[in-house]
1. Find the eigenvalues of the gyration tensor of the Cα atoms of the stretch 88-134, then list the square roots of 5 times those eigenvalues as equivalent ellipsoid semi-axes, largest first, in whole angstrom.
2. For the pairs K60/K188; K29/K188; K11/K60; K29/K112; K122/K215; K11/K215, note any where the Cα-Cα span goes beyond 28 Å.
3. Given the options V194, V154, V66, which has the most mean-square fluctuation in a GNM of the chain, springs set between C-alpha atoms less than 10 angstrom apart?
4. Could you work out the relative contact order of the stretch 112-210? I mean the mean sequence separation of Cα pairs under 8 Å and 6+ apart, divided by the number of residues, in percent.
5. How about the stretch 48-106: which chymotrypsin sites (Phe, Trp or Tyr not before Pro) there are in a DSSP loop, with at most 16 other Cβ atoms within 10 Å of their Cβ?
6. Below 8 Å, C-alpha to C-alpha, sequence gap of six or more: please give me the relative contact order for the chain in percent.
7. For the stretch 87-133, what is the relative contact order in percent, using Cα pairs closer than 8 Å and at least 6 residues apart in sequence?
8. Any idea what the dipole of the chain comes to, in debye rounded to 20, about its Cα centre with Lys/Arg Cβ at +1 and Asp/Glu Cβ at -1?
Amino acid sequence: MRKPFIASNWKLHKTKEEAREFLNSFREKVKYVSDVEIGLGPTFTSLGTVSDGIEGTGIKLCAQNVYFEDEGAFTGEVSPEMLSELGTDYVIVGHSERRQIFGEEDRTINKKIHAVFEHGMKPILCIGETEKQRASGETESVLKSQLKNDLDGVTSHQAGKMVIAYEPIWAIGTGESASPEDAQAGCKFARDQVKKIVGNEAGENVRLQYGGSIKPHNAEVLMSQPDIDGGLVGSASLDPESFADIITITEEL
Ligand code: PGA
């Protein structure tokens with residue numbers, strides 16, 4: 001059984017003070033949730049605050065990025081060990097904003113995935129196609145190529161423990177989520193690719209999140225799809241009430 005996993009991606013939002021305020025209200029709202037794994041993805045500077053604030057709650061700490069080297073002359077970067085020291089459980093790797101705005105390539109993403117595993121954390125690998133690629137019928141070839149390159153050298157045991165977020169880029173931050181059919185098809189395709197690349201067992205165990213304009217009003221239909229094991233939530237995760245609603249709606253399914 002794959003336990004649903006709903007994680008927030010706060011992107012470049014919330015100071016430490018704002019993170020504290022969020023937690024004060026959020027913790028209360030989800031204190032009886034036990035059938036959904038919950039993750040919070042603050043900025044690097046709020047990781048310590050959130051880590052302290054979730055102590056003893058079972059909520060997981062997710063970083064939004066990492067560098068793959070342990071240390072050295074890499075100005076501005078943060079190492080896996082530094083994240084792990086703060087209690088980070090998951091690291092979002094290869095988000096489309098990192099790929100598009102910061103030019104991250106599959107080769108780098110693959111190194112980050114290995115670095116995350118080496119330091120005892122788990123990656124949340126983001127994949128997804130642009131609107132143009134979808135319109136020209138390239139969705140499957142894009143997902144296939146991202147997975148093949150990003151998962152290079154990942155073992156079956158590792159892949160079974162990781163999370164893959166299918167996030168069609170045209171659905172991110174637009175308020176227009178993918179249809180449940182398209183979201184399910186993308187997640188199923190990704191799962192089948194994991195089976196082909198890494199093996200059947202890994203494909204059965206890997207959790208597939210959908211991401212892209214998940215809101216309380218569409219959570220039920222998206223989260224009830226058979227190959228969708230949770231969600232990566234951006235805008236709607238900034239508000240404790242709407243993020244908690246998405247989680248409780250998923251728990252009730
Ligand atoms: P969104 O972002 O929920 O605001 O669409 C999702 C994401 O980028 O992970």
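Just so it is clear, none of the values below were taken in a lab; they were calculated from the coordinates. If you're wondering where the values come from, they're calculated on a predicted model, not measured in any experiment. Heads up, the Cβs are rebuilt from the backbone with ideal geometry, glycines too, and the neighbour counts pull from every protein chain shown.
1. 22, 10, 8
2. Numbers: K60/K188 25 Å; K29/K188 32 Å; K11/K60 17 Å; K29/K112 34 Å; K122/K215 25 Å; K11/K215 17 Å.
Cα-Cα > 28 Å for K29/K188; K29/K112; rest within.
3. V154
4. 33 percent
5. Values: sites: Y67, F68, F74, Y90, F102; in loops: Y67, F68, F74, F102.
Here the sparse-neighbourhood loop sites are F74, F102.
6. Working: 497 pairs, mean separation 53.1, N = 253.
Reported relative contact order: 21 percent.
7. Working: 42 pairs, mean separation 25.3, N = 47.
Contact order relative to length: 54 percent.
8. Numbers: 27 positive and 41 negative charges, 62 e Å.
For this selection, approximately 300 debye.
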